[in-house]
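Below you'll find the structure, written out as structure tokens, and then a few comments.
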Amino acid sequence: MPAEQLGFMIGSIVGALFAGLICGALPLYVAEKRGRKGVGAFALIVCVFSALFLGCFLAVPVALMFTCFFLAIGRPERGVQVKETPKPRYDDGVRGLVVSTETSHSSAPSPIQSRTSPTAR
């Protein structure tokens, strides 16, 4: 392979990588501002690979598509987290804890209720 062809190939690959990084910077920036860093990094990688195939002809539309997607989905929810009911542990009966969420009308205590609890009487 002549040196001119090798230099042209290396220049094409480096140029496509650079174009993909430039195009992918926009969705990465928007995703970081929206609190979605992982998906923004994925968009950057997709832009780089699309630039390797067709250059800016494919990387620019992909970057715009990801940017519009990030603008449409908004920020992740950081609201109140719902606490789950604690699962009974094997030693709750030994420690005297009542973790039963069932409403039982029987007079016998369940295995996780202590004998000193008011519901066991």
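Highest mean first, how do 42-55, 63-76 rank when packing is the count of other Cβ atoms within 10 Å averaged over residues?
Sorting 42-55, 63-76 by mean packing, highest first, produces 42-55, 63-76.
With θ set to phi - 60°, apply the Karplus curve 6.51 cos²θ - 1.76 cosθ + 1.60 along segment 58-63 and write out the HN-Hα couplings as whole Hz, x wherever there is a Gly or Pro.
Residue by residue, segment 58-63 yields 10, 6, 5, x, 5, 5 Hz.
Can you list the HN-Hα couplings for segment 45-57, worked out from phi with the Karplus curve (6.51, -1.76, 1.60; θ = phi - 60°), rounded to whole Hz and with x for Gly and Pro?
5, 5, 5, 5, 5, 5, 5, 5, 7, 10, x, 6, 5
Just so you know, all these numbers are worked out from the coordinates, no wet-lab data involved. The structure presented is a predicted model; accordingly, all values stated were derived computationally and were not measured. All Cβ positions, glycine included, derive from the backbone under ideal geometry; neighbour counts span all protein chains shown.
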